[in-house]
Amino acid sequence: MSTRDLALACALLAAAAGACGDSSKPVIDGPPGAFQLEGQDLAGGQFSSAQIFNGFGCTGQNMSPQLRWFNPPSGTKSFVLTMFDPDAPTGSGFWHWTVFNIPGTTTELTANAAAGSLPAGAVQGYTDFGRPGYGGPCPPEGDRPHRYIFKLSALSVDRLDLTAGAPGALVTFAALGSTLGTATFEATYGRGTPGTTTHPDTPTRVGFTLTSAEVASGGTIGNEQVLNAFGCSGQNVSPSLAWSGAPPGTLSFVLTMYDPDAPTGSGFWHWMVFDIPAATTSLAKGAGAAGGTPGGGVQGYNDTGANAYAGPCPPAGDPPHHYIFTLYAMPAATLGVPAAAPGGLIGFSTRAGATAKATFTATYGR
C-alpha cells in the first residue's frame with residue numbers, strides 16, 4: 001500500500017472508530033475497567049501554555065491540569081498524586097508536583113486545583129522548585145521533549161504522616177508500604193529545536209581526589225554515619241572529607257551524597273552542601289549537623305526534608321545500596337540557589353556549570 005493510500009485508509013478508519021488516534025482526546029492509559037488516570041486538558045499527551053511554568057525562560061500560566069480517575073482498587077482510603085520528569089539533567093530527574101492525603105472518595109482534581117481548590121485534607125508536598133505546590137514543565141531549550149509522568153497511587157491508609165515540607169522522594173517512599181495499585185499516564189513537552197542541546201557528564205580530573213577517614217571508597221558505611229530514624233539506629237554523624245587537586249579557576253565547591261538505589265523513582269539525596277569556598281580543603285566529622293555551615297558552605301534541603309546530613313537507611317532486606325559522594329569544582333563563587341533548594345534544583349545548577357568532579361562510592365544495607 002502506498003503512503004498516500006495508507007494515509008487515506010487511516011483517515012477513514014479514524015473517522016469510524018478512532019483507529020489512528022485523536023489528539024483532541026484527553027490522555028489516558030490502561031484498559032477499560034482497570035484503575036485509570038485521565039488528563040482532561042492534556043489532549044494527545046501534550047501540554048498547553050496553561051500548564052507551563054512561568055520562569056526560567058518559560059512563559060506559561062503554571063496551572064495544574066484537570067485530572068480524573070476511575071476504578072480504584074477495593075479498600076482505597078486515600079490517594080497520592082505525583083508528576084515527575086525523569087529526563088531532567090539533574091542526576092535524579094525533577095519532581096514537579098506531589099499531592100498526598102487525597103480522600104479516597106475523590107474522583108477528580110479540577111484545573112488549577114493546586115492554587116487553592118484541592119479536596120479537604122489534601123497536602124501538596126515539596127517540589128524540586130524549592131517549595132510546595134505545582135510547578136509546570138520548563139525543560140532546557142533545545143532538549144528532546146521531556147516526559148512528564150503522572151502517577152496516582154491508591155493507598156490502604158487514610159493519610160501519610162507527612163507535612164508540606166516532604167520532598168517527592170520521601171512522599172513516594174512513604175506510600176510504598178500501603179499502595180494497593182497505581183494508575184499512570186505520560187505527557188511530553190519541549191521547547192526550541194529538539195536535540196540541539198546536550199548535557200555531558202561532568203568529567204573527572206586526574207589528581208582531583210576526594211577521601212574520607214571514616215568511609216572508605218568501595219567500603220561499607222559504619223553505624224556512626226547511619227541515620228537514626230525510619231527504623232535505623234545509627235548516630236547520623238556526617239563523615240569527615242578531604243580533597244585536593246582542584247582545577248585552576250575553581251571558585252567554590254558543591255558536595256553531594258546520593259543513593260541511586262532508593263525505591264522512589266528518583267533515588268534519594270542524603271546531603272548537599274554548596275558555596276563551599278575555594279580555599280576549603282576538608283570538612284570535619286559531624287559538620288553536617290542541622291544549622292551547620294560545613295566548610296563555610298550552605299546545606300541544601302535533603303530528601304528527608306532537612307537542611308542537614310541524613311545518613312543511610314535503606315529498606316530492610318534490600319541489597320546494599322550505593323552511596324555516591326561527589327565533590328564538584330565550580331567556576332563561580334556561588335551556585336545561585338537558596339538554602340531551600342532541594343536535590344533536583346542543586347543537581348541541575350551544579351551540572352550546568354561544574355568543570356570537574358571527584359567522587360567515591362560506599363555501600364550500606366540492613
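Within the stretch 111-121, the set of residues being out of contact with any strand residue (DSSP E or B) (no Cβ under 9 Å at 6 or more places or on another chain) and under 17 Å from Gln40 (Cα atoms) comprises Asn112 only.
Among the residues of the stretch 247-276, those that are buried (at least 22 other Cβ atoms within 10 Å of the Cβ) and of a type in the set (A, V, I, L, M, F, W, C) comprise Phe253, Val254, Leu255, Met257, Ala262, Phe268, Trp269, Trp271, Met272, Val273, Phe274, Ile276.
For the structure I just gave you, tell me whether Phe230 is assigned by TED's automatic domain parsing to the domain that holds Arg159 and within 25 Å of the chain's Cα centre (by Cα). When the stated conditions are applied, Phe230 does not pass them. Comparison of Val226, Val237, Val298 shows that the only residue that is in contact with an Asp or Glu (Cβ under 7 Å, 6 or more places away or on another chain) and either among the charged types (D, E, K, R) or more than 25 Å from Arg351 (Cα to Cα) (or both) is Val237. For the stretch 42-53, the set of residues classified as at pLDDT below 95 and surrounded by 16 or more Cβ atoms within 10 Å (Cβ to Cβ) consists of Leu42, Ala43, Gly45, listed by residue number.
The values are calculated or read from the model by the stated rules, or taken from the named source; none is laboratory data. Just so we're clear, the structure is a prediction, and the values are computed from it rather than from any experiment. For neighbour counting, all protein chains shown are included, and Cβ atoms are generated from backbone atoms with ideal geometry for every residue, glycine included.
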